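Chemist: My structure is below; once you've seen it, I'll send some questions.
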Amino acid sequence: MNDIVRIASCRKESHDTKTFGFVMKGNAKAGQFVMVWIPGVDEIPMSLSSTGDTKCITVKAIGDATKALHGLRVNDVIGIRGPYGNGFSLKKNQRVLAVGGGVGISALMPAIRAHGADVIIGARNKAEVIMEPEVRKYSNNVRISTDDGSCGFKGNAVELTKEVISANSYDLVIGCGPEIMLYHLHKACVDSGIECQLSLERFMKCGAGLCGSCVMDGMRVCEDGPVFGGRQITKLKEFGRIRLDPAGAKVKL
Ligand SMILES: Cc1cc2nc3c(=O)[nH]c(=O)nc-3n(C[C@H](O)[C@H](O)[C@H](O)COP(=O)(O)OP(=O)(O)OC[C@H]3O[C@@H](n4cnc5c(N)ncnc54)[C@H](O)[C@@H]3O)c2cc1C
Ligand code: FES
């Protein structure tokens with residue numbers, strides 16, 4: 001689907017993160033993403049944080065396109081292509097732990113709403129913890145980690161994950177967040193023998209498997225992912241180490 005839509009809602013999540021809602025018919029799976037065109041600026045990938053007829057994206061302002069998006073208001077126009085990618089694959093009755101780092105928790109929201117899960121929200125500090133009230137509507141077991149200890153567990157989300165999985169029994173860990181977090185989350189899951197599905201990021205141009213700008217070890221993150229299973233990730237030698245820059249050159253992470 002390729003649509004020009006009006007922003008229907010805009011909610012501030014933190015000092016640098018906002019959630020935008022827009023009406024777009026059609027189904028989307030938890031974990032899929034859309035390409036968002038900000039007129040006159042750029043087109044960028046964004047995970048869906050809600051997947052109903054009113055869909056949402058939750059945007060952290062870090063550069064030109066995301067800052068321009070933050071400057072838009074209700075009724076302003078954006079372009080949406082997608083949804084793209086595979087999404088999470090959750091089986092009924094699976095005991096799931098969802099681990100979201102920073103804005104990454106937003107990409108897990110559709111899976112948490114649809115399936116239910118124990119949840120870890122990781123952030124640098126209390127001011128950067130987002131979506132906690134929304135998560136608590138769908139989960140009875142929510143833990144927060146902050147690097148500086150200003151809220152919840154003092155330490156990073158993976159350290160808290162190790163504590164939580166040693167005290168509980170899970171069939172699956174799903175995760176989204178900074179690559180360094182996902183790298184260690186994957187290792188923690190392998191070490192404890194728990195299957196994981198992690199949503200990965202790479203620079204994207206087409207979003208639809210055509211241009212090759214998101215390739216990691218021969219896999220197109222936009223088309224073969226963005227969600228990869230633990231066994232697939234074990235084979236990705238570039239994961240946590242190397243990415244392609246916008247010109248297609250390999251750079252160290
Ligand atoms: C499948 C997918 C889903 C995504 N979902 C979301 C989402 O739900 N919410 C969200 O806020 N972002 C999400 N992103 C990341 C988002 O697309 C980028 O932050 C955005 O493209 C940056 O564009 P910009 O023009 O604002 O910044 P740029 O000017 O392109 O970059 C500004 C600075 O940030 C760095 N940067 C760029 N991209 C990233 C990144 N992914 N992580 C860390 N640093 C980066 C650049 O190297 C540069 O230093 C997703 C990315 C992918 C691939
Ligand atoms: S962004 Fe073009 S192939 Fe993935």
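The numbers here are math on the coordinates, done by the rules we state, and not lab data. Remember, predicted model here, so these are calculated numbers, not experimental data. So basically every Cβ, Gly included, is an ideal-geometry build from the backbone, and we count neighbours across all protein chains shown.
Chemist: Relative contact order for region 1-146: what percent, with Cα pairs under 8 Å and sequence separation of 6 or more? Walk me through the intermediate numbers first.
Modeler: On the way: 322 pairs, mean separation 36.0, N = 146.
Relative contact order comes out at 25 percent.
Chemist: On a full-extension model of 0.36 nm per residue, what is the gain between Arg73 and Ile4, subtracting their alpha-carbon distance, rounded to one decimal in nm?
Modeler: Details: separation 69, 0.36 × 69 = 24.84 nm, distance 1.51 nm.
Length difference between fully extended and current span is 23.3 nm.
Chemist: Do any trypsin sites (Lys or Arg not before Pro) in region 213-253 lie in a DSSP loop with no more than 15 other beta carbon atoms within 10 Å, and if so, which?
Modeler: Working: sites: Arg220, Arg231, Lys235, Lys237, Arg241, Arg243, Lys250, Lys252; in loops: Lys237, Arg241.
Here the sparse-neighbourhood loop sites are Lys237, Arg241.
Chemist: For the cross-link pairs Lys25/Lys67; Lys29/Lys162; Lys91/Lys187; Lys55/Lys205; Lys60/Lys235, which exceed 32 Å when the distance is taken from alpha carbon to alpha carbon? Display every interim value, and only then the final one.
Modeler: Working: Lys25/Lys67 26 Å; Lys29/Lys162 28 Å; Lys91/Lys187 23 Å; Lys55/Lys205 22 Å; Lys60/Lys235 30 Å.
Beyond 32 Å between Cα atoms: no listed pair.
Chemist: While we're on this one: Can you give me the Cα centroid spacing of region 174-226 and region 14-29 in angstrom?
Modeler: Here the answer is 21 Å between Cα centres.
Chemist: So what J values fall out for region 216-229 if you push phi through Karplus, 6.51 cos²θ - 1.76 cosθ + 1.60 with θ = phi - 60°, rounded to Hz, Gly and Pro as x?
Modeler: Whole-Hz 3J(HN,Hα) from phi for region 216-229: 10, 6, x, 9, 8, 4, 5, 9, 7, x, x, 8, 10, x.
Chemist: Do the sum for the chain: with -39,500 (n - 2.57) for every DSSP H run of n ≥ 4, divided by all residues, what is the mean residue ellipticity at 222 nm, to the nearest 500 deg cm²/dmol? Write out the running numbers ahead of the final one.
Modeler: Values: 6 runs with 56 residues, N = 253.
Here the helix-only value at 222 nm equals -6500 deg cm²/dmol.
Chemist: Another question about this same structure. Using a 7 Å offset from the Cα along the Cα-to-Cβ direction at both Glu163 and Asp42, what is the distance between the two label points in nm, to one decimal?
Modeler: 3.7 nm
Chemist: Note down the relative contact order for region 113-230 as a percent, whole number, built from C-alpha pairs under 8 angstrom at least six residues apart. If you can, show how the numbers build up before the last one.
Modeler: Numbers: 177 pairs, mean separation 19.8, N = 118.
The normalised contact order for region 113-230 reaches 17 percent.
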